[in-house]
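What follows draws every value from the coordinates through simple rules; no lab data is involved. Since the model is a prediction, treat every value here as computed from it, not as a measurement. Neighbour counts run over all protein chains shown; Cβ positions are idealised from the backbone, glycine included.
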Amino acid sequence: MKLLVERRWKKSTYTIGRLYVDGVWFCNTLEDKDRGLKKEYGAAVVRSRKVAGETAIPTGTYGVAMNVTSPKYAAVKWYWDLCQGKMPRLLSVPGFDGILVHSGSTALDTMGCILVGRNTKVGMLTESRVTFEALYKKMKAAYDKGEQITIEIV
């Protein structure tokens, strides 16, 4: 399974994008501010240029793990009921740790992660929980079939 995040609307405090699953539009995304970081810069350069909690991850392609429990989200009943806290986690993001795909409404909810939903309000996502649940189920089905999951950020 290949996910693609196409960053489209880069604002001073957030970034809105489009998420495609295997080439088909699925939903919108919300991330922190895009500061022009690229995966090939490496961790040291990324860390020197990022603002903690206010920076989108570097562009590039990353593997996605579906079997790592997030201590934060495992404690949230809704996530526990859906996935036992095993959130889609991006692997080997230079200068960042624990980058997940999850639900949320504003850039304050991201902390570098990728939020999914519908961009029906300026700078925000709506329908985030239902969108995350649908995406998670698609990703989990691919994972259970042994498919490799990647996400490309452009």
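Selection among Thr110, Thr150, Ala52 by position relative to the dipole of the chain gives Ala52 as farthest towards the positive end (Cβ unit charges, Cα centre). Count Lys and Arg as plus one, Asp and Glu as minus one, and take only other residues whose Cβ is under 12 Å from that of Asp32; the net charge is then +2. Across the chain, the longest run free of exposed loop sites, meaning trypsin sites (Lys or Arg not before Pro) lying outside DSSP classes H, G, I, E and B with no more than 16 other Cβ atoms within 10 Å, spans 36-144. For the range 55-62, backbone phi angles converted through the Karplus equation (6.51, -1.76, 1.60; θ = phi - 60°) give residue-by-residue couplings of 9, 5, 5, x, 5, x, 10, 10 Hz, Gly and Pro being listed as x. Amide H contacts of Leu37: Thr59, each under 5 Å away and 5 or more positions distant or on a separate chain (H built 1.01 Å from N in the peptide plane; Pro and chain starts excluded). Within the shell defined by Cβ-Cβ distances under 14 Å, the residues around Tyr14 carry a net charge of +2, with Lys and Arg each +1 and Asp and Glu each -1.
Note on the range 2-153: dipole from Cβ charges, positive end direction compared against Ala43, Leu3, Val64; the farthest Cα belongs to Ala43. Scattering from the chain was approximated by placing one identical point on each alpha carbon and applying the Debye formula without solvent; log10 I(q)/I(0) at 0.11 1/Å stands at -0.37. Ordering Glu31, Glu147, Glu127 by the number of other Cβ atoms within 10 Å of each residue's own Cβ, fewest first, gives Glu147, Glu127, Glu31. Across the range 2-153, C-alpha contacts under 8 Å between residues 6 or more apart give a mean separation that, scaled by the residue count, equals a relative contact order of 25 percent.
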